[in-house]
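Structure first, commentary second.
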Amino acid sequence: QARTNPEAIQRIADTRAEVAARDGIAVDAVAPDLTTQSGSGLDPDISPAAAEQQVARIARARGLDEAIVRKAIADATQAPQFGLLGPARVNVVRANLALDARR
């Protein structure tokens with residue numbers, strides 16, 4: 001759907017409100033990549049901002065200190081390719097596996 005499609009605009013607004021409520025933050029603070037989906041819905045990467053936004057909730061859900069969650073995220077963060085192509089990104093699978101290993 002085009003970004004100007006009223007249904008797409010409403011879906012993104014609804015998702016933004018749901019994410020804000022889930023993470024206990026203001027609607028305008030929701031990282032943009034948490035309101036959209038990849039074509040496959042299987043993209044393992046999110047932005048560092050999206051990962052940071054979820055730290056408190058993840059720590060509570062896993063019964064961990066937020067510092068441990070932040071370290072797992074930092075360790076799973078990949079710099080732009082060749083230092084300049086694309087944005088930094090967090091490999092969610094790697095971060096979750098590191099947190100799982102702490103059990």
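Quick notes
- With every protein chain in place, the chain: carbon and sulfur % of accessible area (1.4 Å): 56 percent
- Rounded to the nearest 20 debye, the dipole magnitude of the chain is 280 debye, with +1 charges on Lys and Arg beta carbons, -1 on Asp and Glu beta carbons, and the Cα centre as origin.
- Positive-end residue, the chain charge dipole about Cα centroid, Cβ charges, pick of GLN81, VAL92, THR4: VAL92
- Spin-label model, LEU85 to ASP100: label points 7 Å out along the Cα-to-beta-carbon direction sit 3.0 nm apart.
- Computed extension gain for GLN37 through ILE9, at 0.36 nm per residue and net of the alpha carbon distance, reaches 8.7 nm.
- Translational D in µm²/s for the range 52-103 (Stokes-Einstein at 37 °C, 0.692 mPa s, Kirkwood Rh from C-alpha pairs): 286 µm²/s
- Distance distribution note for the chain: the fraction of Cα pairs above 16 angstrom is 62%.
The values are calculated or read from the model by the stated rules, or taken from the named source; none is laboratory data. Computed from a predicted structure; not experimentally measured. Glycine gets a Cβ as well: all are built from the backbone with ideal geometry, and neighbour counts include every protein chain shown. Only protein heavy atoms, including side chains, enter the accessible area calculation; ligands, DNA and RNA are left aside. Shrake-Rupley method; radii C 1.70, N 1.55, O 1.52, S 1.80 Å.
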